[in-house]
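Following: one structure in structure tokens, then a few remarks.
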Amino acid sequence: MANSCAWLLCLFSVLLGHGFVLQLEASHHVYRHLESDQSTTANQPYRTAYHFQPPKNWMNDPNGPMIHKGLYHLFYQYNPYGAVWGHIVWAHSTSTDLINWTPHDPAIYPTQESDINGCWSGSATILPRSKPAILYTGINRQNQQVQNLAVPKNLSDPYLIEWVKSPNNALMAPTAMNKINSSSFRDPTTAWQGPDGRWRVIIGSKRDDRGMAILYRSKDFVHWLEAKHPLHSANGSGMWECPDFYPVSVGIQNGVETSMVGLGIKHVLKWKMILVGDMIMGSFMLQRLSLIVLRPGGSLWGWINESTNATIDIMKGWAGIQGIPKSLWLDKSGKQLVQWPVVEIEKLRVNQVDSPSKVLNGGSVLEVSGITATQADVDIAFEINEFDKVDVLDPSWTNPQLLCSQKGASVKGELGPFGLLVLASNGLQEYTAVFFRIFKGQDKYVVLMCSDQSRSSLHLDYDKTTYGAFVDVDPLQEKLSLRSLVS
Ligand SMILES: *[C@@H]1O[C@H](CO)[C@@H](O)[C@H](O)[C@H]1NC(C)=O
Ligand SMILES: *[C@@H]1O[C@H](CO)[C@@H](O)[C@H](O)[C@H]1NC(C)=O
Ligand SMILES: *[C@@H]1O[C@H](CO)[C@@H](O)[C@H](O)[C@H]1NC(C)=O
Ligand SMILES: *[C@@H]1O[C@H](CO)[C@@H](O)[C@H](O)[C@H]1NC(C)=O
Ligand SMILES: *[C@@H]1O[C@H](CO)[C@@H](O)[C@H](O)[C@H]1NC(C)=O
């Protein structure tokens, strides 16, 4: 059966004659997620052990993650009726530790003219006096995308089970005047307050192929006016799905209030790409294009879609998981956005397996013994000692995902691929390769990181997309560390 074996292997297939050091620490645990129901997990090898997953049915984007009176809330796009996308509502779960979740009834579902055809993605904002408010995209009776407001019915209820919608909905809508494309106007972000006290929010959109973040302002969170110019746009970028805009502090890992501006604070604008910039007089000034490319979803949290097709999803009875929430901060240079799984996940670690440092030779596959479960939290670091022979980076190789697909895990190079083979079957018919390659660039070494799913399943119909990114690490100065959460 596919992926039923779980030897954790380290792959090292090149570096002929070159040595380097491998350090590996790994731990695994078997953990029953509170939300997974036993009857569903039986004979379900692909259900995860500790990622967020509802007991059944379709799930996509995480929505409005927030903390209120010490309790974490996660909402998510959910189909109550089946394992394929449709009938979308905001499902709701709460947690005290970001790991164990208690499911509640859906918080927001179609009831109004302005959302009768679906309650799509949006965000939560904490208003003064700790009052949460949700802005979400509704699909109205005319099948237009519009923005709606919902607030908790009873603020004394710690679980915030019931939400009431504003009678003023829709608060933002395409009109004959504003020329907004009614099929490309969705996913409001968490709002922030400018120095003038007015609330601001951005909505993902596009005009022709120019993707953009349309900016709205409001004094009371109910009446919103479109700003003359979008907060930002980029020609050729297409629709901006699930944008995010938030402040981050430079060099400190503590989170900051969403309306924070000033010294030591920069702003992150995320859609498919991440831009880091400064807020100057209320305008977002671009500083630098980061190379991180995200899947749709939240900034802290991201949806991971299925590899299987709809036929198989219906047989399984579910589709989609959420990634582990991550902390985000800027490094000391203020130029590199760093993300790391929240520390809470480390509480799940049991059965630690340490592997001493080893020198790896070209073409070797090293099996890490002591790990036979399909759940692991792997921390590994590679130190490269010799740079005598390194492939030269062709200046035309600017697309890391494409480069990873062309130079998959089985393509030998001078310095790489080296990394991990996870969820590998006996005989290595199936495995998922997570690996690095090092190239010589114009004036520095360039590190490519890839996740190659081309051998993840023997099934021809499964999605085998390869993902890749250039990582901003100097291999002369530091080790290449890799954290893999297998679940
Ligand atoms: C609000 O929630 C609190 C706490 O659960 C409960 O005691 C109270 O009865 C609720 N109020 C209403 C009007 O439902
Ligand atoms: C509006 O969005 C739809 C769906 O993405 C697209 O087909 C159409 O071309 C867009 N219209 C304009 C003017 O961009
Ligand atoms: C945007 O890109 C299109 C082609 O992708 C091009 O025809 C158009 O001139 C560009 N517009 C601007 C303002 O650069
Ligand atoms: C999952 O998402 C990837 C990336 O967007 C996409 O290429 C792939 O087709 C999706 N898989 C399925 C089964 O929908
Ligand atoms: C889905 O995948 C299964 C297994 O590979 C295959 O038998 C089936 O024909 C596929 N269905 C569709 C609609 O592509």
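Tabulated values for the structure
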| read-out | value |
| --- | --- |
| Sole exception among (1) crowded, with 19+ Cβ neighbours inside 10 Å; (2) modelled with pLDDT of 90 or more for Lys316, by number | (1) |
| So Pro167, is it away from ligand 2 (no atom under 14 Å from the Cβ) and in a loop (DSSP other than H, G, I, E, B) | yes |
| Residues within region 454-486 that are basic (Lys, Arg) and in contact with a Ser or Thr (Cβ under 7 Å, 6 or more places away or on another chain), tallied | 1 |
| From Ser484, Ser405, residue being more than 20 Å from Lys326 (Cβ to Cβ), more than 16 Å from ligand 2 (Cβ to nearest atom) and not in a loop (DSSP other than H, G, I, E, B) | Ser405 |
| Condition check for Thr111: in the same structural domain as Gly64 (by TED's automatic domain parsing), assigned to a loop (DSSP other than H, G, I, E, B), within 17 Å of Pro243 (Cα to Cα) and away from ligand 3 (no atom under 16 Å from the Cβ) | no |
| Those residues of region 139-178 which are among the acidic types (Asp, Glu) and either within 16 Å of ligand 5 (Cβ to nearest atom) or under 22 Å from His87 (Cα atoms) (or both), in sequence order | Glu162 |
| Condition broken by Lys165, with the remaining ones in (1) within 16 Å of ligand 1 (Cβ to nearest atom); (2) of a type in the set (D, E, K, R); (3) touching a helix residue (DSSP H, G or I) at 6+ places or on another chain (Cβ under 9 Å) satisfied | (1) |
| Region 115-149: number of residues that are in a strand (DSSP E or B), of a type outside the set (D, E, K, R) and over 25 Å from Met239 (Cα atoms) | 4 |
| Options Thr40, Thr111: the member that is surrounded by fewer than 18 Cβ atoms within 10 Å (Cβ to Cβ) and at pLDDT 95 or above | Thr111 |
| Test: Tyr136 is farther than 30 Å from Glu346 by Cβ, of a type in the set (Ser, Thr, Tyr) and open to solvent by less than 20 Å² (accessible area, probe 1.4 Å) | yes |
| Residue list for region 90-106, restricted to those being open to solvent by less than 10 Å² (accessible area, probe 1.4 Å) and not in a loop (DSSP other than H, G, I, E, B) | Trp90, Ala91, His92, Ser93, Thr94, Ser95 |
| Trp303 open to solvent by 30 Å² or more (accessible area, probe 1.4 Å), at pLDDT 90 or above and away from ligand 5 (no atom under 16 Å from the Cβ) | yes |
| Any pair with Cβ under 6 angstrom, 6 or more apart, that starts in region 367-383 at a residue that is outside any strand (DSSP E or B) and ends at one that is modelled with pLDDT of 75 or more and small (Gly, Ala, Ser) | Val368/Ser355; Gln375/Ala49; Gln375/Ser487 |
| Single residue of Gly194, Gly211, Gly204 found to be more than 16 Å from ligand 3 (Cβ to nearest atom) and within 20 Å of Ser121 (Cβ to Cβ) | Gly204 |
| Leading residue by the ranking (farthest from Leu402 (Cα to Cα)) among those in region 435-487 that are basic (Lys, Arg) and over 21 Å from the mean Cα position of the chain (by Cα) | Lys479 |
| Val486 being of a type in the set (Val, Ile, Thr), in contact with a strand residue (DSSP E or B) (Cβ under 8 Å, 6 or more places away or on another chain) and away from ligand 4 (no atom under 16 Å from the Cβ) | yes |
| Filtered residues of region 184-198 (kept if closer than 21 Å to Trp90 by Cβ and either in contact with a helix residue (DSSP H, G or I) (Cβ under 9 Å, 6 or more places away or on another chain) or open to solvent by 20 Å² or more (accessible area, probe 1.4 Å) (or both)) | Arg186, Thr190 |
| Test: residue in region 406-420 that is at pLDDT below 95, buried (at least 19 other Cβ atoms within 10 Å of the Cβ), of a type in the set (A, V, I, L, M, F, W, C) and touching a Ser or Thr at 6+ places or on another chain (Cβ under 7 Å) | yes |
| Residue satisfying all of: in region 435-480; open to solvent by 40 Å² or more (accessible area, probe 1.4 Å) and of a type in the set (Lys, Arg); nearest to Lys272 (Cα to Cα) among these | Lys464 |
| Qualifying residue in region 345-354 (condition: within 16 Å of ligand 5 (Cβ to nearest atom) and surrounded by 15 or more Cβ atoms within 10 Å (Cβ to Cβ)) | no |
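The values are calculated or read from the model by the stated rules, or taken from the named source; none is laboratory data. Remember, it's a predicted structure, so these values are computed and weren't measured experimentally. In this analysis, Cβ positions are derived from the backbone assuming ideal geometry, glycine residues included, and neighbour counts consider all displayed protein chains. Surface areas here come from the heavy atoms of the whole protein model, side chains and all, with no ligands, DNA or RNA. Shrake-Rupley method; radii C 1.70, N 1.55, O 1.52, S 1.80 Å.
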